[in-house]
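Colleague: Here it is, the structure, as structure tokens.
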Amino acid sequence: HDRSPPPPAPTAGAAAFSLWGASAGMWRSVARRAEAELQHGSFGGFFHSEALAGALPRKQNSPQQPPYGLYPELLSGSAFTVPRAKNRYAWFYRIRPSVQHSSHNATAFSTYEHWAHPTWVSPPFKHVCPPAQFRFSPIAAAASSADFVDGTVTIAANGNPAAQDGCAANVYAMDTSMSARGRYLRHMDGDVLILPQEGALEVRTEFGDLRVEPQEMALVQRGTVFQVNLAPGTSSARGYYMENFGDLFVIPELGPIGISGGLAHPRHFLAPTARYEEAEGDFELVSKFMGNLFRSPLKYSPFDVVAWYGNLAPVKYDMRLFCAINTVTYDHPDPSINTVMSSYTSTPGLANCDFVIFPPRWVPSEGTFRPPWFHRNVMSEFMGLLHGTYDAKPDSFKPGASSIHNRFVPHGPDGQAVEAGSKLDTTKPERYSGTLAFMWETRLPWHPTEYALQSLHDVGYPECWGSVPKRFDPLARPPAFEPYGFPGEKRH
């Protein structure tokens, strides 16, 4: 009963033929029913799908006479000569090659209209960024008839998309589907990681469709044409999304954690099943290229892939399936223990970006200050809150808000969290529930945009540390024997 209805018919005036394969219905989550309809595989592993039986060649990539008269087309996400373990690509078998989805006449250059979007911008920025703590309020509800592209607001960014370095942190608010406007998006600078906060989404791609709900994430690989639509029954939506300009995302190595469990399991990343439409009309393609947005006309729908295989496919992941690792004695690990995915640099262990979550979990550490400690890190942090509260800022950090703590900028729990954490009975474990915060941790400092600084900046944010009490007492000599954090015997 988890099959969703087929998507709406193409816009008026478009001639269309659409076919769903026998097992191509949109699916929801591995944790729900209808598992037979899911594309199983592994993150970075190979998936195969066809909407017509026999449409996917089994013995070669580019036969002289492809099945059904389809056109083979390669989408490569890595250089041809990178180590094989890092190869990422997909083969499409489509009704028309992609060259017919873009302008291909004598005036093609002029048909790519440069679009100066008022709130979706790309680095590098020229305005000054002080070494301060930042917090930004949630954006307003979507303006009337705003789709995912219209409703994007860039909060901060770093690096340079033309140099394939860095990333951008965005939020979105939408009340209209891209499909209602015949609009498609092709991001040629990086991967798009979408985190819904409110409202379920239908992410349509060349590979097929994904239904993505709050507490789930979607990753659309660079170069893929896609739409972000409101799922059936959803009137508006909002959330966060990242543009990753650096290396492709991978899931972290487990090391001594072992082989069969812990963190995000590869098998829980799910790809869509093939689905195609043959549609002709007055469509629009929005392209993101070298940090700039362009609009151009389309005559045919790019969602005409009848079969595909590869390991560059878009995926979704249910963050409720994350197997959190934590201490069962004293202190607590660094937040990197909650890494879902990483985009690495050429320096071993140094990430262009780590995607970290703080899900519901047990916190049993004894003799320990359980909230995050005060710290100054070489890495820079962008934080968001999808649901509930965050333990270091229990009252002041709201869902939809963002905070930035850049390289070596001091930060930590506010006064209320310090007081509560200092008085807590740590002989009793706590269950953190009803919460889902996340962090995008980067090697490059986050540079807030001018729009975010002028329209969303909570200038009073640093005052939250003004209530942290001074506790130093030179006469309060500690006991001669320092107790163990976790003594091994039950405390009395």
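Colleague: With a ≥ b ≥ c the root eigenvalues of the C-alpha gyration tensor of the stretch 250-298, is it rounded (a/c under 1.5), prolate (a/b larger than b/c) or oblate?
Modeller: oblate
Colleague: Something else now. Output the relative contact order of the chain, whole-number percent, from Cα pairs under 8 angstrom with separation of 6+ residues.
Modeller: Values: 1217 pairs, mean separation 92.9, N = 492.
Computed over the chain, the figure is 19 percent.
Colleague: Roughly how many percent of the accessible protein surface of the chain is carbon and sulfur, given a 1.4 Å probe and a whole-percent answer?
Modeller: Exposed carbon and sulfur together represent 55 percent of the surface.
Colleague: Rolling a 1.4 Å sphere over the protein heavy atoms, what is the accessible area per residue of the stretch 431-492, to the nearest Å²? Show your work: numbers first, answer last.
Modeller: On the way: 4600 Å² over 62 residues.
Using a 1.4 Å probe on heavy atoms only, each residue of the stretch 431-492 averages 74 Å².
Colleague: Of all beta bridges DSSP finds with both residues in the chain, what is the antiparallel percent, to the nearest 5?
Modeller: Expressed as a percentage, antiparallel bridges in the chain total about 95.
Colleague: Output the peptides 264-273, 329-338, 480-489, 42-51 sorted from most to least packed, where packing is the average of other Cβ atoms within 10 Å over each peptide's residues.
Modeller: Descending packing order for the listed peptides: 264-273, 42-51, 329-338, 480-489.
Colleague: Okay, next question. Please compare each pair in Lys316/Lys428; Lys393/Lys470; Lys86/Lys316; Lys470/Lys490 to a cut-off of 24 Å on the Cα-Cα distance and tell me which ones are over it. Please report the intermediate quantities before stating the final value.
Modeller: Numbers: Lys316/Lys428 36 Å; Lys393/Lys470 19 Å; Lys86/Lys316 20 Å; Lys470/Lys490 32 Å.
Violating the 24 Å Cα-Cα cut-off are Lys316/Lys428; Lys470/Lys490.
Colleague: Taking Cα centroids, how far is the stretch 458-492 from the stretch 180-246 in Å?
Modeller: About 44 Å separates the Cα centre of the stretch 458-492 from the one of the stretch 180-246.
Colleague: How charged is the neighbourhood of Arg471? Take every other residue with its Cβ under 14 Å from the Cβ of Arg471, and add Lys/Arg as +1 and Asp/Glu as -1. Provide the component values of the computation, followed by the final result.
Modeller: Working: positive: Lys423, Lys470; negative: Glu419, Asp473.
Result for the neighbourhood of Arg471: 0.
Colleague: Now for a separate question. Evaluate the relative contact order of the stretch 161-294 (contact order divided by residue number), counting alpha-carbon pairs under 8 angstrom at least 6 apart; express in whole percent.
Modeller: 37
Colleague: Need the full-extension length gain, Lys86 to Asp334, defined as separation in residues times 0.36 nm minus the C-alpha distance. One decimal, nm.
Modeller: The span from Lys86 to Asp334 would gain 86.5 nm if fully extended.
Colleague: State the extension gain, in nm to one decimal, for the chain segment bounded by Thr327 and Ser235, taking 0.36 nm per residue of separation less the distance between their alpha-carbons.
Modeller: Taking 0.36 nm per residue and subtracting the Cα distance, the gain is 28.9 nm.
Colleague: Additional query: Over the stretch 85-217, give the accessible area per residue in Å² for a 1.4 Å probe, as an integer. Show your work: numbers first, answer last.
Modeller: Values: 4790 Å² over 133 residues.
Each residue of the stretch 85-217 exposes 36 Å² on average to a 1.4 Å probe.
Colleague: Given the peptides 69-81, 431-443, arrange them by the average over their residues of other C-beta atoms within 10 Å, most packed first.
Modeller: Result, highest mean first: 431-443, 69-81.
Colleague: To two decimal places, what compactness ratio does the chain give when its Cα radius of gyration is scaled by 2.2 N^0.38 Å?
Modeller: Expressed relative to 2.2 N^0.38 Å, the Cα Rg reads 1.04.
Colleague: Then there's this: Would you mind putting 88-101, 124-137 in packing order, based on average other-beta-carbon counts within 10 Å, highest first?
Modeller: My ranking of the peptides, most packed first, is 88-101, 124-137.
The values are calculated or read from the model by the stated rules, or taken from the named source; none is laboratory data. From a predicted model like this one, the values you see are computed outputs, not experimental measurements. Backbone-built Cβ (ideal geometry, glycine too); neighbour counts: all protein chains shown. For accessibility, only protein heavy atoms count, side chains too; no ligands or nucleic acids. Shrake-Rupley method; radii C 1.70, N 1.55, O 1.52, S 1.80 Å.
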